[in-house]
Amino acid sequence: MDWRRFAIIALVIVIMFGTVVVVGISQNSPLVIITSMLATTIAVATPLTLGALSGIYCERSGVVNIGIEGMMLGAAFFGWLASIYMNTVFHQVPMLSLLTGVFVAVLTGGLFALLHAVLSITFKVDQIIGGTVINILATGITGFLNRQMFFGSGSVFGGTVPHSPGVLPSIHIPLLADIPVFGRIFQQQPITLSALALVVITHFVLFHTRWGLRTRAVGEHPRAADTVGINVIRMRYLNVIIGGFMAGLGGAYFTLESISSFEPMMTNGRGFIALAAMIFGNWTPFGAWAAALVFGAAQALQINLQFFRELIPPSLAILQNSYVVGLAPYILTMLILTGLIGKTIAPAADGKPYEK
Amino acid sequence: MATNDIVLEAKGITKHFPGVLANDHVDFDLHKGEIHALLGENGAGKTTLMNILYGLYLPDSGEIQVDGKPAVIHTPKDSITLGIGMVHQHFMLIPVFTVAENIMLGDEIVRNKIVLDQKAVAKRVRDLSHQYGLEINPETLVSQLPVGVQQRVEIVKALYRNAHILILDEPTAVLTPQEADELFVIMHELTKRGVSIIFITHKLKEVLAVADRITVMRDGKVVGTAKPKETDEAKLASMMVGREVILKVDKDPAKPGNEILKVDGLKVHDIRGLEVVRDVSFHVLAGEVLGIAGVQGNGQTELVEALTGLRSMAGGKMWFSGKDMTGKPPRPITETGMAHIPEDRQRHGLVLGYTVADNMVLNTYYLPPFGVHNMLQPAAIDSNARKLIEDYDVRTPSPYVPVGKLSGGNQQKVIVARELSHPVKLLVANQPTRGLDVGSIEYIHKEIIVMRDRGVAVLLVSAELDEIMALSDRIAVMYRGQIVATVDAAKVTREQLGLWMAGAHPEE
């Protein structure tokens with residue numbers, strides 16, 4: 001990714017942070033505001049980051065995945081369900097229940113991805129349709145099961161939502177978290193921290209390992225890869241499934257780390273915003289993460305402006321309406337996808353089934 | 001350097017595809033250190049045989065021996081292990097990867113089991129390139145390399161895998177004559193070092209120049225093997241085609257008339273927005289053939305697309321038949337009398353799923369007698385098709401088979417028939433014989449000269465220097481989007497044209 005793109009990202013973030021600082025300066029010091037904004041930004045960017053990484057694994061190997069939204073939703077539901085079962089039916093401690101939930105969520109993402117792989121690689125179904133199938137399937141299954149299990153007297157849990165094991169606790173990283181004021185930025189929950197680690201790991205895998213070289217080759221020119229003995233089909237399957245794991249972990253964020261409940265369609269378009277982040281980041285992990293932070297910052301803006309609601313001057317009254325501020329990520333997505341912020345180049349064989 | 005040790009032998013190779021016998025009991029052998037040319041028309045079965053040797057297809061029957069031992073080749077990996085390397089006609093290189101990354105792909109050198117060792121690969125590549133005299137820089141991106149160097153990368157890629165048998169599939173198709181000569185030097189250099197080469201081509205001159213032995217294939221069978229000293233172009237051509245072929249185009253001197261096409265200061269951008277036709281001016285007279293020579297990718301495609309109205313012009317003017325036609329869409333241009341044989345017949349010349357009959361009225365379907373009151377007239381379309389099939393000798397079982405089922409030569413005849421069946425003042429032919437067999441080439445060439453003699457202006461674009469020299473009355477050479485020279489075809493040599501095509505400036 002080029003420096004211009006990073007500059008645009010930095011500028012947008014500065015503007016958003018600046019807005020909150022200007023509004024809140026009479027109550028808090030700018031340093032405190034910025035630190036708190038940064039911490040929120042990194043946390044809420046987590047599902048976007050993981051969604052974008054999911055897209056990177058799939059598309060770098062040549063499979064378009066617009067089913068990330070559905071994979072995350074499915075993972076959020078089944079992960080949450082598993083944690084509840086562990087907690088209430090098998091009477092396990094909350095921590096074990098939550099970790100089981102994360103495991104099941106990751107697995108769910110992988111299974112949805114396997115379905116996508118079978119459809120798009122083996123049966124060469126149009127990949128946009130394959131992704132749409134996943135999205136519709138996830139919405140349907142989770143909505144249906146949610147109702148069957150928790151609502152009405154005939155449901156599995158008899159109409160009451162059982163006691164949930166809560167959310168994953170934040171981790172205190174020695175040294176980093178002890179830094180005065182800024183330490184708060186590193187005080188994060190495990191999925192958020194894993195997402196950061198996965199950005200670095202994915203970059204390393206993609207650009208410095210045999211696996212990554214072959215993955216990119218398969219996504220750029222599968223025939224060339226085939227002629228040097230690389231199994232194109234296998235590479236694509238595995239990368240799509242790894243992508244599914246990423247989306248699954250992203251889904252776990254919603255119900256096991258952010259809040260401890262499930263609502264139908266709670267991913268609310270994050271999977272698609274993640275795709276936009278991936279595109280804006282030019283299919284690179286760091287680029288996609290930076291783009292995810294922009295969306296995260298927009299959300300942090302919305303959250304923080306709530307705190308300072310009374311302080312917003314009448315001339316900026318529009319910022320009092322959290323719905324208007326909440327539109328920011330979606331407007332950013334549209335701007336990015338219309339190519340207003342410069343052209344990006346997708347892997348050459350992205351979306352094209354491989355025919356021998 | 002050829003010896004009598006046989007490094008590769010294929011016996012009785014047979015391969016069926018649905019409806020086609022692509023290889024029919026083919027026998028082929030390769031001696032150590034020799035260049036064995038495999039000659040044949042498109043569809044003769046050369047590529048099928050090579051894909052079998054390289055593990056891309058499995059033969060239905062037959063056996064292969066490598067270095068005297070029976071070999072089982074199921075995948076490209078098997079053949080790489082056996083020391084067979086292939087340089088494909090369309091390079092198997094990834095443009096966004098570096099030379100080193102392309103070379104190591106599939107056979108990477110790694111540290112600590114997972115980390116790519118770019119330095120070790122670069123060193124290996126440098127060593128190989130010194131050893132064989134193939135200069136390449138491992139750190140360059142492939143997309144920044146000229147085609148000739150990309151081909152060197154492909155050769156090094158095979159050598160990196162310790163290939164001692166090298167298959168070169170139509171290696172000169174994309175090269176300038178000078179680059180081709182360089183390649184031949186490299187090939188000899190390789191054979192001196194014990195590499196054996198299978199050289200696939202349909203160009204007779206090259207075969208006679210570089211091969212130690214020549215095997216000719218036709219219709220899936222080997223028709224014979226010869227040594228260059230014992231044969232000549234005419235003999236090889238008739239072996240390829242199965243009948244006598246007239247290689248030379250007979251034509252009388254041109255009788256040029258009025259100016260039909262005039263182009264002034266034309267600029268055209270490609271899809272990436274780069275200026276690929278830069279300030280080009282020329283004219284074509286009635287009754288002459290203006291040939292545009294040049295290596296592929298020097299702006300010819302975009303030039304033709306701009307002239308035919310398929311691509312917008314970024315600057316300059318165009319007059320056709322005395323009228324300013326700058327920026328006009330294809331229909332008025334066609335209606336004024338331009339015929340267009342496009343470069344890619346399958347993508348831009350035909351609708352492959354439509355029938356032969358429908359393809360023959362693609363540019364006139366809306367006009368009487370084919371279209372009356374917005375209704376197609378099947379009877380008129382039918383009789384038109386039957387007449388054109390007869391006139392242009394299109395080999396098709398009926399006018400109602402999808403045109404995609406026909407052979408390349410017959411597809412091209414459908415296009416020629418359609419384009420020339422309406423009143424024509426200018427024929428724009430872009431690579432009109434690419435990928436065609438000798439017989440079809442002969443036919444298309446004759447047709448172009450017939451049109452010229454009828455007073456049609458012809459603009460011929462071709463990367464085949466022989467074709468340009470055989471047909472043109474004047475020749476313009478295109479290099480990096482500009483016309484670097486325009487000369488009288490009778491007063492220029494092949495070598496001179498080759499130099500201009502490679503970027504040399506003509507003396508003032």
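Every number in this text was worked out from the coordinates using simple rules, so none of it is lab data. These numbers were taken from a predicted model, which means no experiment stands behind them. Ideal geometry is used to build each Cβ from the backbone, glycine not excepted, and the neighbour counts take in all protein chains shown.
Of note:
- For chain B, adding -39500 (n - 2.57) for each run of n ≥ 4 DSSP H residues and dividing by the number of residues yields -9000 deg cm²/dmol at 222 nm.
- Charged side chains reduced to their Cβ positions (Lys and Arg at +1, Asp and Glu at -1) give chain B a dipole of some 680 debye around its Cα centre.
- Share, in percent, of DSSP beta bridges within the stretch B:6-241 that are antiparallel, nearest 5: 55 percent
- Lys-Lys pairs in the stretch B:360-508 that are eight or more residues apart or on separate chains and whose Cα atoms lie under 30 Å of each other come to 11.
- Summarising the amide proton neighbourhood of B:Ile167: residues at separation of 5 or more, or on other chains, whose placed amide H is nearer than 5 Å comprise B:Gly85, B:Met86, B:Val87, B:Ile198.
- Mean-position separation - Cα centroids, the stretch A:142-184 and the stretch A:192-218, in angstrom: 29 Å
- Comparing mean-square fluctuations of A:Leu11, A:Leu206, A:Leu107 from a GNM of chain A with C-alpha springs under 10 Å, the top value falls on A:Leu11.
- Per-residue HN-Hα couplings for the stretch A:18-35 [Karplus 6.51, -1.76, 1.60; θ = phi - 60°; Hz; x = Gly/Pro]: x, 4, 5, 4, 4, 5, x, 4, 6, 10, 10, 6, x, 4, 5, 4, 5, 4
- Distance between the stretch B:294-322 and the stretch B:183-241 - C-alpha centres, whole angstrom: 38 Å
- Relative contact order for the stretch B:6-241, counting Cα pairs under 8 Å that sit 6 or more residues apart, in percent: 28 percent
- Extent of chain A along its three principal axes (Cα atoms, max minus min coordinate, largest first): 67, 57, 40 Å.
- Database remark: amide H of A:Val125 closer than 5 angstrom to the amide H of A:Ser120 (H placed geometrically; neighbours at sequence offset of 5 or more, or on other chains; Pro and chain starts carry no H).
- Look at the dipole of the stretch B:10-55 built from charges on Cβ: of B:Gly55, B:Asn23, B:Gly12, the Cα furthest out on the positive end belongs to B:Gly55.
- Alpha-carbon Debye profile of the stretch B:435-508, log10 I(q)/I(0) at 0.15 Å⁻¹: -0.56
- Placing unit charges on the Cβ atoms only, positive for Lys and Arg and negative for Asp and Glu, gives the protein assembly as shown a dipole magnitude near 1520 debye about its Cα centre.
- Cβ-derived FRET efficiency at R0 60 Å, A:Arg184 paired with B:Asp270, nearest 0.05: 0.70
- In this Cβ point-charge picture (+1 for Lys and Arg, -1 for Asp and Glu), the stretch B:6-241 has a dipole of about 460 debye about its Cα centre.
- Shielding of B:105-116 by partner chains, average beta-carbon count, 10 Å: 5
- Fraction of the pair-distance distribution of the protein assembly as shown above 57 Å, Cα-Cα pairs, percent: 24 percent
- From the Kirkwood radius over Cα pairs of the stretch B:6-241, Stokes-Einstein at 37 °C and 0.692 mPa s returns a whole-number translational diffusion coefficient of 180 µm²/s.
- Close amide H pairs (under 5 Å, H built 1.01 Å from N) link B:Gly40 with B:Thr201, B:Met217, residues at least 5 positions away or on another chain.
- For chain B, the Cα gyration tensor yields ellipsoid semi-axes of 42, 28, 22 Å (square root of five times each eigenvalue, largest first, whole Å).
- Among beta bridges identified by DSSP and lying wholly in chain B, the antiparallel ones come to about 55 percent.
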